[in-house]
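K.L.:
The structure follows.
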Amino acid sequence: MERAAQQVLSNAGQLVGEEFRLLRTVGGEVAELRDELATMSALLRMHTEAEDGAVDHFVREWMKQLRELAYDAEDCIDLYIFRIKCGPKLGVYIWCKRQFERLLPRYRLAGKMRALRARAVAISERHARHGVSRDALGRSRSLALVPVLGASAHALRPTNDPDQLVGVAEQAIDLANKVQAVTDKERDMNLKVFSIVGFGGLGKTTLAMEVCRQLETDFDRQANVSVSQAFDGGKDLQVLLKRVLHQVAKAKSQNDKGINEEVNDSLGAIDAMDVDQLATKLKEFLDDKRYLIVVDDVWTISAWDAIQSKLPSSRHGSRIIVTTRIDSVAKECSDPTIGIYPIKQLNLADSTKLFMSKAFGSVEASCPTELESTMNKILKKCGGLPLAIISIGSLLASYRSPESKDMWDTICKSIGSQMDSSPTLEGMRQIITLSYNHLPYNLKGCMMYLSIFPEDYEIRTIRLLYRWIAEGLVEEKRGLTLKEVAESYFDELISRSMIVPTSGMGYNGRAKACRVHDMMLEVMVSKSLEANFVSVVGSQYEGVSYDRIRRLSIHDAPMESSSKKQNKKKIAGHGKSNGMKCVRSLTMFEIEGHSILSRLREFTLLRVLDLEGCKGLENKHVKHICGMYLLRFLSLRSTEVSVLPKKIGELEHLQMLNVDWTCIEELPEELTKLEKLEHVDFRNKHDWSIMWTPPQGLSKMKALREVNYIIVNDVHVAKEVGELGQLRQIGIWVSHENQEVLPELACSLSKRYSLRSLSIGCFEQGPVNFLLQMESPPRLLRHLYIDGDINELPNWVGSLAYLIDIDIMNTCLVGDQLFGVLCKLPNLQKIWLGPRGYIGHELVARTAHNFPMLRNLVCHCTSMHPTLQFENGSMDKLEGLSVEFGADGRSLVGIQHLPNLKEVELIGVKDNSTLSNSLDQLIAESKTRKEHNQFKVVAKYQ
């Protein structure tokens with residue numbers, strides 16, 4: 001990718017500055033190569049921004065050669081820095097000796113630079129010799145408007161019967177009711193815009209067209225137009241308005257046979273009109289009519305603004321339906337009182353029906369027993385995506401007999417390569433690839449990077465962000481940290497439906513983890529292999545060979561042991577011929593480990609080493625990690641490693657260290673030398689109370705942003721916590737025996753205005769009353785966790801205007817000490833109440849409390865009195881309620897006072913009679929509500 005060239009520009013510039021005075025030859029060569037790389041970077045960016053159809057095979061190969069040259073140049077410079085790195089604070093004699101020893105490496109570097117420049121010249125000459133025009137790299141403009149009903153428009157309709165929609169019938173009825181509803185004459189007669197948002201291929205167009213069909217008699221005029229990625233407000237807008245006018249004019253002539261001649265004259269004049277004239281004519285046609293217009297596949301807010309500005313306003317209850325893949329566009333288009341309509345993926349039952357209709361000709365058909373398991377695997381890969389189900393089902397329609405199992409298995413294992421070669425799957429690939437093509441160039445590399453992870457893998461957000469940063473995929477932006485820029489990338493990919501958020505929300509309002517849809521992942525793997533961006537070994541990638549490996553990802557391969565051995569030999573063989581020094585990231589997902597662990601010493605230029613969950617990792621392997629000078633990301637999470645060497649303090653570029661859930665019992669004091677370290681995660685898997693106990697010198701770690709679990713039992717360390725200016729998240733455990741530490745800790749926390757997440761716990765459920773002594777809280781807190789006995793919630797909790805969620809346990813609160821304080825928080829959305837968090841006679845949410853934003857209440861406090869009561873107006877916004885039933889049972893009073901409740905979860909043993917009674921009570925209460933306002937009741941038995 002072009003980021004490789006940009007990264008090496010930075011490295012080369014640094015090298016010129018530091019080394020030019022010492023050896024002009026090297027500096028000159030680096031400067032020359034820098035100019036070459038600047039040109040490469042521009043070309044690579046042009047290639048990245050070009051759409052698939054704009055770049056032919058020769059240009060792709062040319063770009064691949066440039067990309068490899070950029071990688072090699074970066075490796076050359078990094079290897080030089082790695083080999084001649086001079087330690088700090090050396091004596092004069094040793095310094096002079098080191099400078100002499102560095103002369104030969106510098107001359108060798110100069111020679112390699114000349115060779116790289118020669119390669120660059122050769123690539124340029126080869127390009128010129130074959131006469132490929134630079135214009136081939138220009139972004140190709142898509143047609144301004146695509147056909148209204150594309151190949152996927154009927155994807156969910158297995159027959160010609162319009163009433164037989166698979167998977168979206170209920171959604172269509174629901175949306176149609178909302179579109180046509182007029183409950184308030186004054187408000188609802190105004191023009192309203194509804195947005196359907198979702199991943200490409202989910203059936204947004206089909207849903208919109210079905211709504212139009214159902215409402216055909218409710219609107220005087222209807223029109224349907226589609227928008228392209230390259231839409232602009234000039235000629236493209238003119239074509240769109242013409243299409244709208246042609247459709248409404250034809251509808252007018254059909255409704256009134258006496259005006260055919262007038263309409264025909266108007267249609268003839270339309271083609272000669274400019275944008276303003278078209279807008280005027282459209283207003284004339286629709287001025288006194290109730291109209292419904294579908295604007296399909298809007299990609300940008302600017303495109304919508306241009307379209308909306310030319311559509312006539314209406315006081316007759318007119319409606320516009322917009323479909324888009326991008327959440328931010330949907331929010332901008334929609335009426336703020338309506339919100340957006342996220343289209344749902346098909347469930348398994350509907351997916352099966354749709355697949356059967358295409359593969360076997362009928363939703364009522366039966367699948368041969370021999371093919372059922374493969375069908376289920378295919379449906380799992382399709383992930384409820386109708387377009388994928390339709391395409392693959394159609395491909396297999398010619399192979400319906402049980403004897404076709406081999407063909408089904410082959411297609412199931414090679415969907416990615418089939419999309420590249422099969423005409424039947426080409427349309428699906430194009431639809432999915434559209435979303436990727438529309439990404440800004442800096443997000444394309446981040447998206448392609450996800451091909452490292454296996455199918456259905458839940459990727460923790462923090463892990464992904466720091467990996468992007470370590471790989472140099474995140475651009476520097478003035479006024480923002482790299483972490484903040486990476487977070488904006490993640491949010492953008494979520495907004496564009498490129499990745500799917502999973503798990504809960506973090507303290508920053510961001511999903512804690514994400515997944516990539518299997519079909520999108522197949523496209524990303526295909527593009528990654530083409531660009532030699534990621535090399536994947538194992539699983540379905542058996543048989544793929546690689547020239548040079550830059551990013552190595554080893555998956556757990558569900559194959560015969562002999563095949564596993566061949567795979568390992570393939571990697572080993574690659575290493576013998578070319579070495580592992582070109583590999584910049586190594587990720588292992590294999591449960592049993594891999595022979596490559598014994599060769600970690602060869603990965604000299606690694607930036608990322610991610611061995612999370614690798615069972616074959618041993619202490620003897622870890623010592624080699626300390627020699628990876630350029631390492632920025634290190635994860636040994638969920639391994640059996642028990643020792644972290646002291647030399648870890650020599651990895652001065654390390655930004656992320658995750659040794660959580662390992663057998664390590666203490667982190668070395670040398671960790672405080674890592675002044676670039678931003679994130680530390682450590683906890684012993686066998687004893688949760690074993691955490692990092694920072695030594696004096698913690699304040700030297702100026703970059704530290706997030707440290708999840710630390711023990712503070714030293715007064716000096718307590719003071720130093722207040723000097724960590726970048727700190728955003730910290731979890732601190734204390735002992736009530738260290739009374740002299742607690743006041744200093746309270747003082748330090750008062751200084752940390754940058755904190756967004758604060759967790760405070762006390763061993764042995766001791767008191768945490770020192771929180772009452774805090775002069776002022778970190779007022780930007782979004783998450784607060786308190787675990788320890790306290791007389792009352794501190795008054796300052798009620799002033800945390802940005803707090804989103806609070807977790808409380810062992811606080812032993814009574815009366816209104818809980819809800820009486822928390823109801824003052826304007827943005828509080830979640831309360832988690834754990835064991836002994838409350839011990840009063842009953843917990844009552846009173847009318848006076850009136851929580852303004854509370855969405856979720858989790859009450860797992862079995863030590864409290866059984867009654868949990870809600871008074872009218874106390875928690876009107878509450879949507880989720882989770883209650884645990886202990887031995888004393890539990891009674892829920894006032895559920896009828898929770899008007900927006902969507903789901904109630906009851907937890908306890910099966911023979912708990914009070915749980916059963918509450919379950920029946922809740923089901924009965926739900927049935928008394930109107931259908932659209934009923935809530936789901938779930939029982940989880942321990």
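The values are calculated or read from the model by the stated rules, or taken from the named source; none is laboratory data. It should be emphasised that the depicted structure is a prediction, and the values quoted were computed from it without experimental measurement. No Cβ is skipped: glycine too gets one built from the backbone with ideal geometry, and neighbour counts run over all protein chains shown. For the accessible areas, the whole protein counts, side chains as well, though only heavy atoms, and no ligand, DNA or RNA atoms are used. Shrake-Rupley method; radii C 1.70, N 1.55, O 1.52, S 1.80 Å.
K.L.:
Of A269, A249, which residue is among the aliphatic types (A, V, I, L, M), at pLDDT below 80 and open to solvent by 20 Å² or more (accessible area, probe 1.4 Å)? Please lay out each step first, then the result.
P.N.:
On the way: A249 fails: open to solvent by 20 Å² or more (accessible area, probe 1.4 Å).
Of the residues listed, the single one that is among the aliphatic types (A, V, I, L, M), at pLDDT below 80 and open to solvent by 20 Å² or more (accessible area, probe 1.4 Å) is A269.
K.L.:
Output the number of residues of the range 639-666 satisfying the condition of being in a helix (DSSP H, G or I) and open to solvent by less than 20 Å² (accessible area, probe 1.4 Å). Spell out the reasoning first.
P.N.:
First, pick out the residues of the range 639-666 that are in a helix (DSSP H, G or I): 646-650.
After this cut, where a residue has to be open to solvent by less than 20 Å² (accessible area, probe 1.4 Å) as well, the list is 648-649.
So the answer is 2.
K.L.:
Given the criteria over 18 Å from L387 (Cβ atoms), among the polar types (S, T, N, Q), modelled with pLDDT under 90 and open to solvent by 40 Å² or more (accessible area, probe 1.4 Å), does Q254 qualify? Steps first, answer last, please.
P.N.:
Values: over 18 Å from L387 (Cβ atoms): yes; among the polar types (S, T, N, Q): yes; modelled with pLDDT under 90: yes; open to solvent by 40 Å² or more (accessible area, probe 1.4 Å): yes.
Considered against the rule, which asks whether it is over 18 Å from L387 (Cβ atoms), among the polar types (S, T, N, Q), modelled with pLDDT under 90 and open to solvent by 40 Å² or more (accessible area, probe 1.4 Å), Q254 comes out as yes.
K.L.:
Out of curiosity, is P402 out of contact with any Leu (no Cβ under 6 Å at 6 or more places or on another chain), at pLDDT below 90 and farther than 28 Å from I326 by Cβ?
P.N.:
On the way: out of contact with any Leu (no Cβ under 6 Å at 6 or more places or on another chain): yes; at pLDDT below 90: yes; farther than 28 Å from I326 by Cβ: yes.
In short, yes.
For every residue, the table says whether it meets (1) in a helix (DSSP H, G or I); (2) free of Cβ contacts under 8 Å to residues at least 40 places away in the same chain; (3) aliphatic (A, V, I, L, M).
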{"site": "G731", "(1), (2), (3)": "no, no, no"}
{"site": "N738", "(1), (2), (3)": "no, yes, no"}
{"site": "S748", "(1), (2), (3)": "yes, yes, no"}
{"site": "I760", "(1), (2), (3)": "no, yes, yes"}
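K.L.:
Of all residues in the range 857-874 being open to solvent by 10 Å² or more (accessible area, probe 1.4 Å) and assigned to a loop (DSSP other than H, G, I, E, B), which is farthest from E925 (Cα to Cα)? If you could, list the steps in order and put the result at the bottom.
P.N.:
First, pick out the residues of the range 857-874 that are open to solvent by 10 Å² or more (accessible area, probe 1.4 Å): 858, 860, 862-863, 865-867, 869, 871-873.
Filter again for assigned to a loop (DSSP other than H, G, I, E, B), leaving 860, 862-863, 865-866, 871-873.
Working: H860: 22, T862: 24, S863: 27, H865: 23, P866: 20, E871: 16, N872: 15, G873: 18 Å.
In this case the residue turns out to be S863.
K.L.:
Within the range 667-723, can you find the residues that are over 22 Å from E737 (Cα atoms), of a type in the set (D, E) and in a loop (DSSP other than H, G, I, E, B)?
P.N.:
E675, E678, E723
K.L.:
How many of the residues making up the range 216-241 are open to solvent by less than 40 Å² (accessible area, probe 1.4 Å) and either over 37 Å from the mean Cα position of the chain (by Cα) or of a type in the set (V, I, T) (or both)?
P.N.:
Taking the range 216-241 as the starting set, the residues that turn out to be open to solvent by less than 40 Å² (accessible area, probe 1.4 Å) are 219, 221, 223-231, 234, 236-237, 240-241.
From what is left, the residues that are either over 37 Å from the mean Cα position of the chain (by Cα) or of a type in the set (V, I, T) (or both) are 219, 221, 225, 227.
Final tally of qualifying residues: 4.
K.L.:
Restricting attention to the range 466-499, which residues are more than 28 Å from Q229 (Cα to Cα), of a type outside the set (F, W, Y) and part of a helix (DSSP H, G or I)?
P.N.:
Across the range 466-499, the qualifying residues are R467, I469, A470, L482, K483.
K.L.:
Among L803, L854, L793, which is the only one that is over 23 Å from K751 (Cα atoms) and either assigned to a loop (DSSP other than H, G, I, E, B) or β-branched (V, I, T) (or both)? Spell out how you get there, then give the answer.
P.N.:
Details: L803 fails: over 23 Å from K751 (Cα atoms); L793 fails: over 23 Å from K751 (Cα atoms).
The match here is L854.
K.L.:
Same structure again: If I filter the range 900-939 down to residues being in a loop (DSSP other than H, G, I, E, B) and β-branched (V, I, T), which single residue comes out as nearest to T867 (Cα to Cα)? Before you say what the answer is, go through the steps one by one.
P.N.:
Here is the first cut: in the range 900-939, the ones in a loop (DSSP other than H, G, I, E, B) are 900-902, 909-912, 928-930, 934-935.
Remaining after also requiring β-branched (V, I, T): 909, 928.
Numbers: V909: 18, T928: 23 Å.
Filtering the range 900-939 for residues that are in a loop (DSSP other than H, G, I, E, B) and β-branched (V, I, T), the one nearest to T867 (Cα to Cα) comes out as V909.
K.L.:
Separate question: Is there any pair with a first residue in the range 409-426 that is more than 15 Å from K527 (Cα to Cα) and a second that is outside any helix (DSSP H, G or I) and modelled with pLDDT of 75 or more whose Cβ atoms are under 8 Å apart and which are 6 or more apart or on different chains, and what are they?
P.N.:
Correct list of pairs: I411/L396.
K.L.:
Sticking with this structure for a sec: Name every residue in the range 895-917 that is crowded, with 17+ Cβ neighbours inside 10 Å and under 38 Å from the mean Cα position of the chain (by Cα), in order of residue number. First the steps, then the outcome.
P.N.:
Keep residues of the range 895-917 that are crowded, with 17+ Cβ neighbours inside 10 Å, which gives 895, 897-898, 901, 904, 906-908, 912, 914-915.
Hits for the range 895-917 are I895, H897, L898, L901, V904, L906, I907, G908, L915.
K.L.:
What do you reckon, is S313 hydroxyl-bearing (S, T, Y), open to solvent by 60 Å² or more (accessible area, probe 1.4 Å) and at pLDDT 90 or above?
P.N.:
Numbers: hydroxyl-bearing (S, T, Y): yes; open to solvent by 60 Å² or more (accessible area, probe 1.4 Å): yes; at pLDDT 90 or above: no.
Considered against the rule, which asks whether it is hydroxyl-bearing (S, T, Y), open to solvent by 60 Å² or more (accessible area, probe 1.4 Å) and at pLDDT 90 or above, S313 comes out as no.
K.L.:
Could you list, in sequence order, all residues of the range 611-622 that are of a type outside the set (S, T, N, Q), outside any loop (DSSP other than H, G, I, E, B) and in contact (Cβ under 8 Å) with a residue 12 or more places away in the chain?
P.N.:
To start, the set of residues in the range 611-622 that are of a type outside the set (S, T, N, Q) comprises 611-618, 620-622.
From the residues that got through so far, the ones that are outside any loop (DSSP other than H, G, I, E, B) too are 620-622.
Within the range 611-622, H621, V622 qualify.
K.L.:
For the range 195-215: of the residues being β-branched (V, I, T) and assigned to a helix (DSSP H, G or I), which is surrounded by the fewest Cβ atoms within 10 Å (Cβ to Cβ)?
P.N.:
If we filter the range 195-215 for residues that are β-branched (V, I, T), which is where we start, we get 196-197, 205-206, 211.
Okay, now just the ones that are also assigned to a helix (DSSP H, G or I), so 205-206, 211.
Values: T205: 23, T206: 25, V211: 27.
Per the stated criteria, the residue is T205.
K.L.:
Of all residues in the range 275-307 being of a type in the set (D, E, K, R) and over 43 Å from the mean Cα position of the chain (by Cα), which is most open to solvent (accessible area, probe 1.4 Å)?
P.N.:
Step one: list which residues in the range 275-307 are of a type in the set (D, E, K, R), which gives 276, 281, 283-284, 287-290, 296-297, 305.
Right, trim to over 43 Å from the mean Cα position of the chain (by Cα) and you get 281, 284, 287-289.
On the way: K281: 36, E284: 114, D287: 82, D288: 95, K289: 46 Å².
By that ranking, first place goes to E284.
K.L.:
What is the one condition in (1) β-branched (V, I, T); (2) buried (at least 16 other Cβ atoms within 10 Å of the Cβ); (3) without any contact (Cβ under 8 Å) to a residue 24 or more places away in the chain that I923 does not satisfy?
P.N.:
The number of the failed condition is (2).
K.L.:
Mind checking whether some residue in the range 880-894 is open to solvent by 50 Å² or more (accessible area, probe 1.4 Å), within 24 Å of C823 (Cα to Cα), β-branched (V, I, T) and without any contact (Cβ under 8 Å) to a residue 40 or more places away in the chain?
P.N.:
Yes, there is a match, as at least one residue in the range 880-894 is open to solvent by 50 Å² or more (accessible area, probe 1.4 Å), within 24 Å of C823 (Cα to Cα), β-branched (V, I, T) and without any contact (Cβ under 8 Å) to a residue 40 or more places away in the chain.
K.L.:
Could you count how many residues in the range 500-555 are of a type in the set (D, E, K, R) and either part of a strand (DSSP E or B) or over 23 Å from the mean Cα position of the chain (by Cα) (or both)? If you could, list the steps in order and put the result at the bottom.
P.N.:
Start the filter on the range 500-555 by keeping residues that are of a type in the set (D, E, K, R), which leaves 510, 512, 515, 518, 522, 527, 530, 542, 547-548, 550-551.
Checking the rest, the ones that are also either part of a strand (DSSP E or B) or over 23 Å from the mean Cα position of the chain (by Cα) (or both) come to 512, 515, 530, 542, 547-548, 550-551.
Result for the range 500-555: 8.
K.L.:
For the range 390-408, which positions are in contact (Cβ under 8 Å) with a residue 12 or more places away in the chain, outside any helix (DSSP H, G or I) and closer than 26 Å to L165 by Cα?
P.N.:
The answer is L396, A397, R400.
K.L.:
Also, quick follow-up: Within the range 336-343, can one find any residue that is of a type in the set (V, I, T), in a loop (DSSP other than H, G, I, E, B) and open to solvent by less than 20 Å² (accessible area, probe 1.4 Å)? Write out each step before concluding.
P.N.:
So in the range 336-343, the residues of a type in the set (V, I, T) come out as 337-338, 340, 343.
Narrowing the set further to residues that are in a loop (DSSP other than H, G, I, E, B) leaves 337-338, 343.
Among the residues that remain, those that are also open to solvent by less than 20 Å² (accessible area, probe 1.4 Å) are: 343.
Yes, there is a match, as at least one residue in the range 336-343 is of a type in the set (V, I, T), in a loop (DSSP other than H, G, I, E, B) and open to solvent by less than 20 Å² (accessible area, probe 1.4 Å).
One line per residue, one yes/no per condition, for (1) modelled with pLDDT under 80; (2) open to solvent by less than 10 Å² (accessible area, probe 1.4 Å):
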site: T502; (1), (2): no, no
site: N532; (1), (2): no, no
site: S535; (1), (2): no, yes
site: Q540; (1), (2): yes, no
site: D547; (1), (2): yes, no
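K.L.:
Continuing with the same structure: Applying the selection to the range 623-637, what residues are surrounded by fewer than 20 Cβ atoms within 10 Å (Cβ to Cβ) and assigned to a helix (DSSP H, G or I)?
P.N.:
Matches in the range 623-637: K623, H624.
K.L.:
For the range 763-779, enumerate the residues that are open to solvent by 60 Å² or more (accessible area, probe 1.4 Å) and assigned to a loop (DSSP other than H, G, I, E, B).
P.N.:
We begin by selecting, within the range 763-779, every residue open to solvent by 60 Å² or more (accessible area, probe 1.4 Å); these are 764-765, 772-773, 775, 779.
If the condition is that a residue be open to solvent by 60 Å² or more (accessible area, probe 1.4 Å) and assigned to a loop (DSSP other than H, G, I, E, B), then E775, R779 are the ones that fit.
K.L.:
Does the range 376-383 contain at least one residue that is within 31 Å of the chain's Cα centre (by Cα), surrounded by fewer than 20 Cβ atoms within 10 Å (Cβ to Cβ) and of a type in the set (S, T, N, Q)?
P.N.:
Yes, there is a match, as at least one residue in the range 376-383 is within 31 Å of the chain's Cα centre (by Cα), surrounded by fewer than 20 Cβ atoms within 10 Å (Cβ to Cβ) and of a type in the set (S, T, N, Q).
K.L.:
I would also like to ask the following. Among the candidates L207, L215, L191, which residue alone is aliphatic (A, V, I, L, M) and under 30 Å from V516 (Cβ atoms)?
P.N.:
Criteria check complete, one pass: L207.
K.L.:
Which count do you get for residues in the range 875-894 that are touching a helix residue (DSSP H, G or I) at 6+ places or on another chain (Cβ under 7 Å) and assigned to a loop (DSSP other than H, G, I, E, B)? So that I can check it myself, show each step before the final result.
P.N.:
Narrowing the range 875-894 to residues touching a helix residue (DSSP H, G or I) at 6+ places or on another chain (Cβ under 7 Å): 885, 889-892.
Applying the additional criterion that residues be assigned to a loop (DSSP other than H, G, I, E, B) yields 885, 890.
Residues meeting the conditions: 2.
K.L.:
Ok, one more. If you go through the range 441-452 one residue at a time, do you hit one that is among the β-branched types (V, I, T) and either within 14 Å of the chain's Cα centre (by Cα) or closer than 26 Å to G383 by Cα (or both)? Before the answer, list the steps.
P.N.:
Residues of the range 441-452 that are among the β-branched types (V, I, T), as a first pass: 452.
Still in the list and also either within 14 Å of the chain's Cα centre (by Cα) or closer than 26 Å to G383 by Cα (or both): 452.
Looking for residues that are among the β-branched types (V, I, T) and either within 14 Å of the chain's Cα centre (by Cα) or closer than 26 Å to G383 by Cα (or both), one finds at least one in the range 441-452, hence yes.
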